[in-house]
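Undergrad: Before anything else, here's the structure in question.
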Amino acid sequence: MGQSLAHKLISSHLVSGDLVPGKEIALRVDQTLIQDATGTMADLQFEAMGVPRVNTKLSVSYVDHNMLQTGFESADDHRFLQSIAAKYGMVFSKPGNGICHQVHLERFGAPGLTLLGSDSHTCNAGADAMLAIGAGGLDVAVAMAGRPYYLPMPRVTLVKLRGQLRPWAASKDIILEVLRQLTVKGGTGRVMEYGGEGVATLTVPQRATVANMGAELGATTTVFPSDEQTHAYLLAQGRGHAWEPLAADPDAAYDDVLEIDLSSLEPLIARPQSPDNVCKVRDVEGTPVAQVALGSCNNSGFQDVMTVAGILRGKGVPANVSLVVTPGSMQTLINVYRSGALLDLINAGARILECACGPCIGMGQAPPSNAVSVRTMNRNFAGRSGTADDRVYLASPEVAAASALSGAITDPRRLGDPVVVKLPRKFVINDDYILPPSAEPDKVEIIRGPNIKPLPLASPPDQTVAGQVLIVVGDNVSTDHILPAGAKVLPLRSNIPAIAEYVFERVDPDFVRRTKQIGGGIIVGGTNYGQGSSREHAALAPMYLGVKAVLAKSFARIHWSNLVNFGILPLTFTAAQDYVAISQGDTLDIPDVASQIRKGKQVTVRNRTKGTAFQAEHALSPRQVEIILAGGLLNYIRQGKD
């Protein structure tokens, strides 16, 4: 029986392990990416390993998150990132060059390679037929040092596309339909592989829209085949030499199959406050809109911006609607400008923002109180926009543009003939914002601002892990809930003592004070705990505050790994009633931790307050057991155990 594309990519990079779902494997990493919100910490971790030079085919450091320079912190971080990239052999993408995933797709993505990125939407590069996986910064730092990346072998789901999209339906509607069917935890432990005759009708940027939001499914990654669409895109980028055909074998076997008829799709929209809260646009049509935002690493490329410009040409948005457009890269901005479409956007009333993540992560353009914002972005978690009572809807550029014109959520099919934008045969390319590493690294001085603090490390756990339950939270708690982004918090990413003050700020404003007073403890969560971004700070900051373990019904993949990397023991409940029986303030203890987690998967947890005991489980590999007992991955590596 033949192999899936995912299995081919994994097999060709396999360092150790077997392709048995759930068993730990190790992969060779060809490329890495970091961005400024996660990159300062990843660089500090790389430095701590004492490796003189990055040891990958390519490592790129991007600046795209902390662009709202309201104080010295972000500007200092940018200088630190640039100097450390020059010294240690990383390519540096300057502020203004664009969002890491858009730029990487354009300038560095190549079929058949592996990419590990300290951003959950690294899976965007699956549109280039890469095995592109988001991870915590420490995992990426380890890969930069030339070590393999460890993960549980994922299952592979084939999403079989039939037919072709009808007018006004968009690639965004494909992934919204998958989210509608599978939910935000439906991809956990899986690679989503797209196939079927419908794939050939999608351009690489359209595929990127789908691949990018595989992160919202909780998937390990998403992969598309490398075909003539891939070849055409790479040729347009002046990188035709990077192309090679890659596809699943005709008789490939999959763990399961989801079929979608593209011709049956109509415009869809995700309602607040989850990407899987999907319905047809016509079901919410007429809802008044205060803001429309085009951008983020999803739907901010040339085709998307040109489509919106074409819809708006010769028209104007109502006075009560704020329309903002964020080109995803400098390349996109240049090519849109040269086409004349930038003037169409401006004349229609659009505000053109810097090529950066911007509104998606709450860095400016927060919507009005209790107002509807229609966005082409990938997440609409409560408060993520920067407004506590936001009502963010996620939709395609076509729906966003139609809604901007009418001042209410609008089905774009009402606009008549669709705007059709074809990719150019050759993009205008300007790589002046991309800096190679120094040819004389010994002469490079690393510039450290006062906001860059030493890297905190955990201590090995006590024989008995014990502590009060600091907080009990429900299902689908995201890393935005655990540690928010936004203009106030993001600049503190290189300062763990400072950023730790914001842990669970939006959920329980008293959490940090109480945790400090108690001296740390244990967190209890529901299903899919830690969904969302790769931000390891959502594990690092709780570790700094003294959190020793997290008990949850289930975990999101990246956050679970981050907890392990920083020495926090992640355990899952084996029975739902055990979760219900725990209250905030209960004292739990896990006796003989080392013996228990080395012996098997079952772990006894005692509730001292209520005089009960229950069984929990861990999913640690033997290697990860030793990482926990060492007090985290960096301690483990320093001890020469890996």
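No lab work stands behind these numbers, since they all come straight from the coordinates. The structure presented is a predicted model; accordingly, all values stated were derived computationally and were not measured. All Cβ positions, even for glycine, are placed from backbone atoms using ideal geometry, and neighbour counts span all protein chains on display.
Undergrad: Could you let me know the centre-to-centre spacing of segment 229-301 and segment 597-624, using Cα atoms, in angstrom?
TA: Cα centroid of segment 229-301 versus Cα centroid of segment 597-624: 41 Å apart.
Undergrad: Which one, GLY89, VAL103, HIS65, is farthest towards the positive end of the dipole of segment 48-109 when Lys and Arg carry +1 and Asp and Glu -1 on their Cβ?
TA: Value computed over the given set: GLY89.
Undergrad: What residues have an amide H closer than 5 Å to that of PHE92, excluding those fewer than 5 places away on the same chain, when H is modeled at 1.01 Å from N in the peptide plane?
TA: SER61, LEU435
Undergrad: Note the full-extension length gain between GLN639 and ASP283 as 0.36 nm times their separation in residues minus their Cα-Cα distance, in nm to one decimal. It would help to have the intermediate numbers written out before the result.
TA: Values: separation 356, 0.36 × 356 = 128.16 nm, distance 5.83 nm.
Gain on extension, GLN639 to ASP283, equals 122.3 nm.
Undergrad: Between VAL257 and LYS516, with labels modelled 7 Å along Cα→Cβ, what's the label distance in nm to one decimal, could you check?
TA: Those two pseudo-labels are separated by 5.8 nm.
Undergrad: Tell me, what is the percent relative contact order of the chain, built from C-alpha pairs under 8 Å that lie six or more residues apart?
TA: Values: 1656 pairs, mean separation 92.8, N = 642.
Across the chain, relative contact order equals 14 percent.
Undergrad: Which distance in nm do the two modelled labels at ASN370 and GLN463 give, with both placed 7 Å along the Cα-to-Cβ direction?
TA: 5.8 nm
Undergrad: I've got another one for you. Counting other C-beta atoms within 10 Å, and keeping those with at most 13, which DSSP coil trypsin sites (Lys or Arg not before Pro) do you find in segment 397-428? Could you put the intermediate results ahead of the total?
TA: Working: sites: ARG413, ARG414, LYS422, ARG425, LYS426; in loops: LYS422, ARG425, LYS426.
Within segment 397-428, the qualifying trypsin sites (Lys or Arg not before Pro) (loop, at most 13 other Cβ atoms within 10 Å) are LYS422, ARG425, LYS426.
Undergrad: Report the full-extension gain for the segment LYS488 to ARG239: residue separation times 0.36 nm, less the Cα-Cα distance, to one decimal in nm.
TA: Net length gain for the segment: 85.7 nm.
Undergrad: On a C-alpha basis, how far is the centre of segment 160-179 from the centre of segment 490-523 in Å? Whole number, if you could?
TA: 41 Å
Undergrad: What is the set of long-range amide H partners of LEU258 at a cut-off below 5 Å, with H atoms built 1.01 Å from backbone N?
TA: Amide H neighbours of LEU258, under 5 Å, 5+ apart: LEU158, VAL159, LYS160.
Undergrad: Show me the ranking of peptides 450-459, 323-332, 344-353 by mean Cβ neighbours inside 10 Å, starting with the highest. Walk me through the intermediate numbers first.
TA: On the way: 450-459: 15.4, 323-332: 26.8, 344-353: 18.1.
The packing order, highest mean first, is 323-332, 344-353, 450-459.
Undergrad: Hey, which lysines would be in cross-link range of LYS315, C-alpha to C-alpha under 28 Å, not counting anything within fewer than 8 residues on its own chain?
TA: Reachable lysines: LYS172, LYS280, LYS422.
Undergrad: Mind jotting down the distance between the C-alpha centroids of segment 327-368 and segment 546-575, whole Å?
TA: 39 Å
Undergrad: List the extent of the Cα atoms of segment 532-642 along each of their three principal axes, largest first, rounded to whole Å.
TA: Its Cα atoms span 41, 32, 22 Å along the three principal axes.
Undergrad: Here is a further query. Given H placed 1.01 Å from N in the peptide plane, which residues other than close sequence neighbours of LEU569 have an amide H under 5 Å from its amide H?
TA: ALA549, VAL550
Undergrad: Next up: Which entries in the list LYS516/LYS553; LYS23/LYS548; LYS453/LYS516; LYS94/LYS488; LYS94/LYS185; LYS23/LYS599 go over 29 Å, if you measure between the two C-alpha atoms of each? The partial results should precede the final answer.
TA: On the way: LYS516/LYS553 26 Å; LYS23/LYS548 25 Å; LYS453/LYS516 20 Å; LYS94/LYS488 22 Å; LYS94/LYS185 35 Å; LYS23/LYS599 17 Å.
LYS94/LYS185, as the Cα separations exceed 29 Å there.
Undergrad: Taking the Cα centre of the chain as origin, work out the dipole magnitude from +1 charges on Lys and Arg Cβ and -1 charges on Asp and Glu Cβ, in debye rounded to 20.
TA: Details: 58 positive and 60 negative charges, 97 e Å.
Here the size comes out at about 460 debye.
Undergrad: Take each uninterrupted DSSP H stretch in the chain, measure its Cα extent along the helix axis, and return the ones at 18 Å or beyond whose mean Kyte-Doolittle hydropathy is at least 1.6.
TA: Details: long enough: 36-48 (19 Å, -0.15); 72-88 (24 Å, -0.54).
Long hydrophobic helices here: none detected.
Undergrad: Subtracting the Cα-Cα distance from 0.36 nm times the residue separation, let me have the gained length for GLN69 to LYS453 in nm, one decimal.
TA: Working: separation 384, 0.36 × 384 = 138.24 nm, distance 1.89 nm.
Between GLN69 and LYS453, full extension yields 136.3 nm more.
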